[in-house]
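To start, the structure under review is shown below, and the notes come after it.
The values are calculated or read from the model by the stated rules, or taken from the named source; none is laboratory data. Note that the structure is predicted; figures quoted are calculated from it, not measured. Because the Cβ atoms are built from the backbone with ideal geometry, glycine has one as well, and the counts that use them run over all protein chains shown. Side chains are part of the model used for accessible areas, which takes the heavy atoms of the whole protein and leaves out ligands, DNA and RNA. Shrake-Rupley method; radii C 1.70, N 1.55, O 1.52, S 1.80 Å.
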Amino acid sequence: MELIKDTAQFEEIYHKSCHQPELFWDEIASGFTWKKRWDKVLSWNFTEPNIHWFVNGKMNITENCLDRHLPEKSDQIAFYWEPNSPDTSPRSFTYLSLYQEVNKVANSLKQYGIKKGDRICFYMPMVPELAIAILACARIGAVHSVVFAGFSAQSLADRIEDSQCKMVICSDYNDRGAKHIAVKQVVDDALQFPGCQCVENVLVYKNTGDEVTWYPERDLWWHDVVPNQSNECEAESMDSEDMLFILYTSGSTGKPKGVVHTCGGYMVYTSYSFKQVFQINEKDLYWCTADIGWITGHSYIVYGPLLVGATSLMFEGVPTYPDAGRFWEICDKYNVTHFYTAPTAIRALMAYGNSFVEKYQLKSLKVLGSVGEPINEEAWHWYNEKVGKNRCPIVDTWWQTETGGIMISTLAGITPSIPSYATKPLPGIQPVLLSADGIELEGNEVEGLLCIKFPWPSILRTTYGDHERCRQTYFSLYPGYYFTGDGAKRYKDGNYRIIGRVDDVINVSGHRLGTAEVENAINRHPHVVESAVVGFPHDIKGQGIYAYVIPVDFNIDETILKKEIAEVVAKQIGAIAKPDKIQLVSGLPKTRSGKIMRRILRKVAGGETEGFGDVSTLLNPEIVEEIKDGAV
Ligand code: 7RM
């Protein structure tokens, strides 16, 4: 796969990708190892939806991540691993050693009865064994469902149950910053739920070595099972459209949905987008600071870099431990050339002042990336000046769990970066802006709902176990389009600026949460009648969580109730979903049909005191004054 060389070539390739998409993707897919070539590049409709890329092609993504590189790169480092504590020894894996470790784990999974199509749940910290086991799973055709290890036992149980996982892979504990987290305990708690009977074994990687409760009929130690295995394991032949993984993500309604990605298209798109956006070359050292529990980690820590044969860095810890210079220390230590992080991390580090970042040279850096939420101009400039020393292009990459890979972004050093703009769609991506009634807005200087009108290889195929939900969420509101849930503006030269979600999804520190999900958790508290959750602008997190709560009675200790509500949310979802602010109210503004007027709640949460428009049509207009006066 050739790197795009300049703007003119980008324009030319983009044009071709839209006018001859099948030819375009056929050529790119031909650069991979297939066990059998496809009969047809694409067959699709967005109505059911039913999308097939590389029809009847057979392959295995791990052969493309590992085996394919062995002849030339067996001694090249696939990834370095930097532990949470700078005092712990770092580790590294060459392509050959990674290949062997993956095969050993793959053989272990087979030994315990895991077969093609079985689902395996992962609840692991950022240790190399997480990446290894994910690849092992893919090697034998099992489906991975990684759950971010900050989610609660309840959330973990819901996900295990929804996809009926046969195995859970976890660690004993996790040291993250100064925290010591009992990972296996959460798994044990989750498996107490009646819906989790499907789990036959728990494979436990000994990470810290502290004592754990052991269930001998169910639990397996990694070190008892894995080392004895053969380091060869034949890669299962997978159809392009066989499931590769499930990743749960929040939407505007109810419980999170399991976004399904399939083998062939995901492979082709993550590797293409990785290479072109970051402009990765031999000898580069790429580092993405995301957690593998999110899509960014799947596509751009595990699969993308390995597919292109890059060398990358995986980091166990957090940006502020032992101090706020850790990221920069690591960049200098490893000579990181490509650094990819989230605006929330940049803002958090900015808040510590410049002394930390100024202590380091950062001479090796060539490209900076941003992902997960809109990057505000102040953070963009700080990133550019203090980290990139005004000499590294910034790629602001817009994409989603559902898109599998980066959709709108600058190509580093090829197309121009503009502060707070994601800029242009990648080759193969055809975005449109729609008005609320579904009309395509033409030209530049327009704002609308961001939709995509043609499939790309890593578009989600379904939501696990509920295809109708997939259709309704993404393909029904604007027939013929994939609806992203984001609003965007298009400026001159066709550059896009992402504004943010237009649905009831909030983005807290780059983590997606449904307001309904948080409300359901809050409503579990016996002293809560009803609640409404909205986002509000937050200096570091991007958005914070503001909860309006109607208590059973006001004759209570407010501080205790608020604390308990936060605990209920942490228990139901995880600490990331704890409200930043809770306001007790006697009612919520409702329309005559009983719908909560979130517009008003968002304004109050955002600190606005006027411009509420006509509220007289509400069922309870008097509540608006009370809410304004009681704003926290
Ligand atoms: C990769 C990821 C998706 C939502 C998406 C947006 C927001 C992501 C950007 C962004 C502005 C960006 N997947 N988002 N990247 N907004 N600029 N560069 O984050 O499924 O967890 O979230 O995140 O609202 O719809 S995700």
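Observations, loosely collected:
- Per residue solvent-accessible surface (Å²) - the chain, probe of 1.4 Å: 38
- Label separation (Q111 vs D466): 3.8 nm, computed from points 7 Å beyond Cα along the C-beta direction.
- In loop segments of the range 553-632 as defined by DSSP, the GluC sites (Glu not before Pro) with at most 12 further C-beta atoms inside 10 Å of their C-beta are E610, E622.
- Taking the 1.4 Å solvent-accessible surface of the range 23-137 as the whole, the part contributed by carbon and sulfur is 47%.
- D_trans [Stokes-Einstein, Kirkwood Rh over alpha-carbon pairs] for the range 565-632, 25 °C, 0.890 mPa s, µm² s⁻¹: 186
- Here's the picture: a label point sits 7 Å out from the Cα of S435 along the beta-carbon direction, and within the range 479-511 the residues with their amide nitrogen under 17 Å of it are 479, 488-490.
- Just so you know, the Cα atoms of the chain work out to an Rg and Dmax of 24.1, 74 Å.
- Our estimate of slack between E234 and K590, defined as 0.36 nm per intervening residue step minus the Cα-Cα distance, is 122.2 nm.
- For the range 541-632, with all protein chains in place and a probe radius of 1.4 Å, 51% of the accessible heavy-atom surface sits on carbon or sulfur.
- Within the range 149-283, the proportion of Cα pairs with more than 22 Å between them is 56 percent.
- Hydrophobic long helices, here whole DSSP H runs in the chain with Kyte-Doolittle means of at least 1.0 and Cα atoms spread over 15 Å or more along the helix axis, are found at 128-139.
- Estimated 222 nm signal from helices in the chain, with DSSP H stretches of n ≥ 4 weighted -39500 (n - 2.57), rounded to 500: -7500 deg cm²/dmol
- Split the accessible area of the range 281-389 by element, probe 1.4 Å, and carbon with sulfur accounts for 50%.
- Shape analysis of the range 32-149 yields a ratio of the Cα radius of gyration to the Kirkwood radius, Rg/Rh, of 1.05.
- Rounded to 5, the percent of DSSP beta bridges in the chain classed as antiparallel: 60
- Relative contact order, whole percent, for the chain stands at 13, derived from Cα pairs under 8 Å and 6 or more residues apart.
- Spin-label pair E622/D87, simplified geometry with 7 Å Cα→Cβ offset, distance in nm: 6.3
- For K333, the aspartates and glutamates whose Cα falls under 13 Å of its own Cα, not counting residues fewer than eight places away in the same chain, are E82.
- Taking other residues whose beta carbon is less than 15 angstrom from the beta carbon of Y491, and scoring Lys, Arg as +1 and Asp, Glu as -1, yields -1.
- Dipole magnitude for the chain: about 640 debye, using +1 per Lys or Arg Cβ and -1 per Asp or Glu Cβ, origin at the Cα centre.
- In terms of packing, defined here as the mean over residues of other Cβ atoms within 10 angstrom, the peptides 96-102, 587-593 line up highest first as 96-102, 587-593.
- Computed extension length for Y352-D323: 9.5 nm, one decimal, from 0.36 nm per residue of separation with the Cα-Cα distance subtracted.
- Distance from the alpha carbon centroid of the range 505-570 to that of the range 1-76 works out to 44 angstrom.
- The distance separating the Cα centre of the range 371-430 from that of the range 166-193 comes to 34 Å.
- Links that overshoot a 19 Å alpha carbon limit, given the list K363/K424; K110/K257; K562/K590; K73/K363; K453/K489: K363/K424; K110/K257; K562/K590; K73/K363
- Positive end of the dipole of the chain (Cβ unit charges, origin at the Cα centre): among N335, C288, P125, the Cα lying farthest that way belongs to N335.
- Descending Cα extents along the principal axes, the range 390-495, whole Å: 48, 28, 19
- Cross-link reach list, lysines versus K115, counting only Cα pairs under 17 Å and skipping chain neighbours closer than eight places: K104, K166
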